[in-house]
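The values are calculated or read from the model by the stated rules, or taken from the named source; none is laboratory data. Here the structure is a predicted model, which means the values were calculated and not measured. Glycine gets a Cβ as well: all are built from the backbone with ideal geometry, and neighbour counts include every protein chain shown. For accessibility, only protein heavy atoms count, side chains too; no ligands or nucleic acids. Shrake-Rupley method; radii C 1.70, N 1.55, O 1.52, S 1.80 Å.
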Amino acid sequence: MDRWIMHVDMDAFFASVEQRDHPEYQGLPVIVGGLSGRGVVATCSYEARRFGVHSAMSMARARQLCPKGIFLPARFARYQSVSNRIRDIFHQFSPCVEPISIDEAFLDVSGMERLSGGVITLGPKIKAAIRETTGLTASVGLAPNKFLAKLASDMEKPDGFTIIRPETAKARIAPLPIGRIFGVGQKTAAALNRLGITTIGQLAACPATFLRPLAGRNTETLLRFAQGLDDRPVVPDEKRQSLGREETYPEDLLGRDTCLAALWNLAQEVGWRLRAGGLSGCTVTLKVRTADFRLHTRSWTAEAPVDLDEEIMAIIRRLAAELPWKQPVRLLGITVSHLTTAADSGLDFSGETARARRRSSALDSLKQKFGEGIIRKGV
Ligand code: TTP
Ligand code: MG
């Protein structure tokens, strides 16, 4: 059976919800984000993108670029409820749905080619269902794996539907810049560019020995992606009882302070993904693999579920205090488990609760960091 993965990503999500809720904003540049002094753009409508405005840009800069724009604060409760409705639609199309943020998910639709019309018709069908239920447009990618499906959904945004077939995959992705590969940040991209490698096609043709000094332990994964290969499974959300992020470092980390700084990056990423998925969790686990390959894990369970970066990091600090940090560190990981959704933890999403305010201020500070590339698009 051929493998077919669909990636669905809403177009200009927060801004489109605002335009849907306020028809007078339709066709206008709408910019959503933190409106305070140091606020950052969460997203903006495609009309605003023409002025050069984009996610993670400072609000001050956005106002310069687009003085006539409509500037709105983010209403997370609203976006979360739309997100839940979209998620219900995903489940009508596949039993295997992996939401990866508030506005996107992977669906494993393998085997559905035998349905009437075949797998190809699923794209237009799911877009129509989303539009009917929410009034919003989505972009859909259909491909033999997650990596290609995500690239595909981005190719004809907004309101796009792109299929990448296995036989043409390599050629389709070859002209794309290497920065489009998940995990290739600005630094790696710049280093590769200096070696004359700017496109995915050029990367795919590189011998592993040439790349290893730069990409280290990630060399093989990187090459496989460049060749359009990826066998990561779609992990259905029902099974999602924990959410975590770990990183194997190209060079071992030395000393506790260096490790704490790296852990703060991971805490922010885990926090962002929890909040984006409307999740919080009680148990925080720290995972450390030292250069001698020994694995050290420590967990702590809080009384109330956590989802803020600072809350997660406070627990990580306590756990870190229990470890000696004498050995060089090869890998660090943070996992939050015993997850609950915002809905069943009894949070009041309709009112302006103290928590919601903290949530948005945390998001604002997160956006500051977003700009510094700590959290990358699509994480
Ligand atoms: P994205 O899917 O990355 O962006 P988008 O849906 O606004 O636009 P696109 O058409 O390019 O997909 O993110 C989904 C939502 O997540 C976005 O509407 C707002 C929020 N978000 C932030 O708050 N900060 C960010 O830096 C990014 C990238 C997204
Ligand atoms: Mg989107």
### Query
Residues with amide H under 5 Å of V306's amide H, sequence separation 5 or more or different chain, H placed in the peptide plane at 1.01 Å from N; which?
G281, C282
### Task
Any chance you could list the semi-axes, whole Å, largest first, of the equivalent ellipsoid that the Cα gyration tensor gives for region 179-260, using √(5λ)?
25, 21, 11
### Query
Taking H as built 1.01 Å from N, whose amide H comes closer than 5 Å to the amide H of K157, not counting residues under 5 places away?
none
### Task
List every residue whose amide H lies under 5 Å from the amide H of I70, counting only residues 5 or more places away in sequence or on a different chain, with H placed 1.01 Å from N in the peptide plane.
V30, I31
### Summary
Output for region 30-95 (equivalent-ellipsoid semi-axes, sqrt of 5λ from the C-alpha gyration tensor, Å, descending) is 29, 13, 9
### Summary
the chain accessible area per residue, 1.4 Å probe, protein heavy atoms, integer Å², reads 47 Å²
### Gaussian network model of the chain, Cα within-10 Å springs - most flexible of F93, F210, F225
F210
### Selected from F182, I163, T134, residue furthest toward positive end of dipole (region 89-212; charges at beta carbon)
F182
### Query
Counting pairs on different chains as well as pairs 8 or more places apart, how many Lys pairs in the chain have Cα atoms under 13 Å apart?
4
### Message
Computing the accessible area with a 1.4 Å probe over protein heavy atoms, can you report the carbon and sulfur percentage for the chain?
### Response
54 percent
### Task
Under a 10 Å cutoff between Cα atoms, tell me which one of V41, V235, V109 has the largest fluctuation in the Gaussian network model of the chain.
V235
### Query
How big is Rg to Rh over region 223-278, alpha-carbon atoms, Rh as the Kirkwood inverse-mean-distance radius?
1.07
### Query
Could you list, bin by bin from short to long, the percent of Cα-Cα pairs of region 265-326 in 5 Å steps?
4, 18, 27, 22, 15, 9, 4, 0
### Task
Per residue of region 33-45, in order, report the coupling 6.51 cos²θ - 1.76 cosθ + 1.60 (Karplus, θ = phi - 60°) as ³J(HN,Hα) in whole Hz, putting x for Gly and Pro.
x, x, 9, 6, x, 9, x, 10, 6, 7, 6, 8, 5
### Summary
Between the alpha carbon centres of region 282-306 and region 88-141 the gap in Å comes to 36 Å
### Message
With every atom except the alpha carbons ignored, what do you get for Rg and Dmax of the chain, in angstroms?
### Response
21.1, 62
### Task
Give the Cα extents of region 41-159 along the principal axes, in whole Å, largest first.
53, 28, 22
